[in-house]
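Everything on this sheet refers to the single structure shown next.
The values are calculated or read from the model by the stated rules, or taken from the named source; none is laboratory data. What you see is a predicted model, and the numbers here were worked out from it, not measured in a lab. Because the Cβ atoms are built from the backbone with ideal geometry, glycine has one as well, and the counts that use them run over all protein chains shown.
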């Protein structure tokens, strides 16, 4: 009796003790191998996507994975993907950063009323929101000015500055204005920071309605705050060695954000796709605070 025959006899005996047939054993082994291959394929594709969008969440990651999964005839749901990422330590961990102050609203310059309370936007270039955020350098900070279209969430203008003077905001605004269609009925919304109230900035808004927050509540400029968070948490590094590295990182981040990242607030489109649309865009998230409040009211 050769080695193969002895091994097969032992296998048959073991399968008998466990209540399995040899065929069932081989089928199980094939299934295990196929599952391992399936897992490896998914992980490799996740790593490829994460090479450009390091901090993208599981739901959006699944959306980007779908063409790859279909091509390989792989099925996996959001919860299963979450468990798979957790098992391989690939879940996104939010990062804590130092927070320098970027808004200085205690100044003498004219402040404008909030024009966007209850406003409903159904097309691009009707409402732009502006804000400033910081980027950490090795021994300093840089300051990123962003102009975002409220309908499409597309960043239409941006500029990275070494300081918080109005010049950086003005350059971001000029970039956005270059692509604004003629005769657009646009509202520009921002906080009451000195940069946005400055003569240099306001002069660029000739013919455009100016709107500003009325207090320090971030919900009055929620879209701008949210875009800031996405850019910093999902695309930028915790810190850069120098300003030049940060500037390059910003260009790359905004390109990926505008053209590759699906957004749950705009029907899972990319901002660029949404910017060419009109009409109501479906939101793929729930206001859980509002849902819980309605449940509590119903129980009273």
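Residue by residue through region 157-185, note down the ones that are buried (at least 19 other Cβ atoms within 10 Å of the Cβ), in contact (Cβ under 8 Å) with a residue 40 or more places away in the chain and either assigned to a strand (DSSP E or B) or over 21 Å from the mean Cα position of the chain (by Cα) (or both).
158, 160, 164, 173, listed by residue number.
Give region 198-249 a look and list any residue that's part of a loop (DSSP other than H, G, I, E, B), closer than 22 Å to residue 55 by Cβ and out of contact with any helix residue (DSSP H, G or I) (no Cβ under 7 Å at 6 or more places or on another chain), or say none. Steps first, please.
Step one: of region 198-249, the residues part of a loop (DSSP other than H, G, I, E, B) are 198, 206-208, 213-217, 236-239, 241-242.
Imposing the further condition that a residue be closer than 22 Å to residue 55 by Cβ reduces the set to 236-239, 241.
Listed by number, the residues that qualify are 238, 239, 241.
Where in region 1-89 are the helices (runs of 4 or more DSSP H), entirely inside, with at least 1 residues that are at pLDDT 60 or above, over 30 Å from residue 267 (Cβ atoms) and more than 45 Å from the chain's Cα centre (by Cα)? Show your work before the answer.
Numbers: elements: 3-18, 22-50, 58-71, 78-87.
By residue number, 3-18, 22-50.
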